[in-house]
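No lab work stands behind these numbers, since they all come straight from the coordinates. Treat the numbers as computed from the prediction; the structure is a model and nothing was measured. When we count neighbours, we look across all protein chains shown, and the Cβ atoms used for this are built from the backbone with ideal geometry, even at glycine.
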Amino acid sequence: MITCRTATELHTRAAEGALTRVETVRYRGHMALCGPCQRYRAQLGLTQGVLRCLPEETPPDALLDRLAEVVDEVGPAR
Ligand SMILES: [Zn+2]
């Protein structure tokens, strides 16, 4: 099984459908069994959704800082 660090590195490419077959099997296997990575991926999706709703101008620093804190809190523990 791949590590949480590797799974984290594959999140973006997995979302883009850019993984090889072997990477896909390993990634999905890890994601099916790892609660921290499932929460991390969900949090990333939420963060991306929030960012898509923001206006084109640069978000306030306070918002970016808070988003970074939330992502850090939910990130993989291993
Ligand atoms: Zn994991």
What is the angle, in °, between the Cα long axis of helix 4-15 and the longest principal axis of the Cα atoms in the chain? Nearest 10 is fine, range 0 to 90.
70
Angle between the Cα long axis of helix 61-74 and the longest principal axis of the chain, 0 to 90 degrees, nearest 10?
20
In whole Hz and in residue order, list the ³J(HN,Hα) couplings for the range 43-58 that follow from phi through the Karplus curve 6.51 cos²θ - 1.76 cosθ + 1.60, θ = phi - 60°; x for Gly and Pro.
5, 4, x, 5, 4, 5, x, 4, 5, 5, 7, 6, x, 4, 5, 4
Where no second cysteine Cβ lies under 4.7 Å, the cysteines concerned in the chain:
Cys4, Cys53
With axes computed from alpha carbons, what is the tilt in degrees of helix 21-33 against the longest principal axis of the chain, rounded to the nearest 10 within 0 to 90?
70
Suppose every Lys and Arg Cβ carries +1 and every Asp and Glu Cβ carries -1, with no other charges. What dipole size does the chain come out with about its Cα centre, to the nearest 20 debye?
640
Between Asp61 and Glu16, 0.36 nm times their residue separation minus their Cα-Cα distance comes to what?
13.4 nm
What is the sum of charges, Lys and Arg at +1 and Asp and Glu at -1, for the other residues whose Cβ falls under 12 Å from the Cβ of Thr20?
+2
When each pair of different Cα atoms in the chain is counted once in the 1/r mean, what is the Kirkwood radius in angstroms, to one decimal?
13.5
